[in-house]
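Novice: My questions all concern the structure below.
The values are calculated or read from the model by the stated rules, or taken from the named source; none is laboratory data. Only a predicted model underlies this, so the values are computations on that prediction, with no experimental measurement involved. Virtual Cβ from ideal backbone geometry, glycine too; neighbours counted across all protein chains shown.
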Amino acid sequence: MNQTLLTALALIPALVVAIVFHEVAHGWTALMLGDPTAKERRRLTLNPIRHVDPFGTLILPGMLALSGLPVFGWARPVPVVKQRLRNPRFGMMAVAAAGPASNFVLATLGAVALGLYARALGGDAGGIAGFAGAALYSFILINVFLALFNLLPIPPFDGSHIVEGLLPERAARAYDRLRPFGFGLMFALLLVVPMLFPSWSIVERVLLPPVAWVESQYMWLAAWIAS
């Protein structure tokens, strides 16, 4: 089978699952903290159709992966109304943290599954068996990257809501004014700057080291279970 198709078969389902659980975690946390907006708009579901953004979830990540560029994407954001939370300041921090936390949980489950699979498999890692192992590894890596990527303190990512909640109110209001420029800043840092100034190696020096370290911890867990 064509290697590109195999890569897509491993990456796309993993990305959809990671993003759907990420968004649902936001919605459920908001509901528990007093904001039922996501429930009212029928977003507390694992049905990917209600969460997937065709371009941000499928087309863009696929194009980036095939181009060898950093893979990132997004889903349709789960609606959260800050004023409906019982404690808006703490609530927004908790809602924001819930998304990345769900991805770390999924990565843990993926590592456990990979370890058990490798243990059952023994030394046979060819054909379908090898593809299944690679798919589980992709699932772990995508969840790790999605969690850490969303923790970047760049509006409108989850990390920006956590930072905003930690700042004094005056500084938080000033920080919030950066929110409309967040996506532009992200594209500039991750795509434009690396293409114009490849020697700076922003992605390799800033983003990849923490992803590689966290991924290595999950691989250690999988190896421990497999042994």
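Novice: Restricting to segment 34-76, name every residue that is charged (D, E, K, R) and either touching a Leu at 6+ places or on another chain (Cβ under 7 Å) or at pLDDT below 75 (or both).
Specialist: D35, K39
Novice: Related question: Within the bounds of segment 24-32, is there any residue that is under 13 Å from S102 (Cα atoms), over 16 Å from the mean Cα position of the chain (by Cα) and assigned to a helix (DSSP H, G or I)? Don't jump to the end; show me each part of the working.
Specialist: Filtering segment 24-32 down to residues under 13 Å from S102 (Cα atoms) leaves 24-29.
Pick out the ones that are also over 16 Å from the mean Cα position of the chain (by Cα) and you get 28-29.
Going one step further and asking which of them are assigned to a helix (DSSP H, G or I), we end up with 28-29.
The answer is yes, given that some residue of segment 24-32 is under 13 Å from S102 (Cα atoms), over 16 Å from the mean Cα position of the chain (by Cα) and assigned to a helix (DSSP H, G or I).
Novice: Just for segment 154-175: of the residues that are within 15 Å of the chain's Cα centre (by Cα) and at pLDDT 90 or above, which one is nearest to L58 (Cα to Cα)?
Specialist: Across segment 154-175, the extreme among qualifying residues is D158.
Novice: Looking at segment 178-227, what helices (runs of 4 or more DSSP H) fall wholly within it and have at least 1 residues that are aliphatic (A, V, I, L, M) and over 21 Å from I140 (Cα atoms)?
Specialist: The qualifying helices (runs of 4 or more DSSP H) are 182-187, 193-196.
Novice: What are the residues in segment 27-59 that are of a type in the set (S, T, N, Q), surrounded by fewer than 20 Cβ atoms within 10 Å (Cβ to Cβ) and more than 11 Å from P79 (Cβ to Cβ), if any? Walk me through it before giving the result.
Specialist: Residues of segment 27-59 of a type in the set (S, T, N, Q): 29, 37, 45, 47, 57.
With the extra rule that they be surrounded by fewer than 20 Cβ atoms within 10 Å (Cβ to Cβ), the set shrinks to 37, 45, 47.
Scanning segment 27-59 gives T45, N47.
Novice: Right, here's the next one. Only one of D158, D176 is over 28 Å from V105 (Cβ atoms) and of a type in the set (D, E). Can you tell me which? Before you say what the answer is, go through the steps one by one.
Specialist: On the way: D158 fails: over 28 Å from V105 (Cβ atoms).
When all the criteria are applied, what remains is D176.
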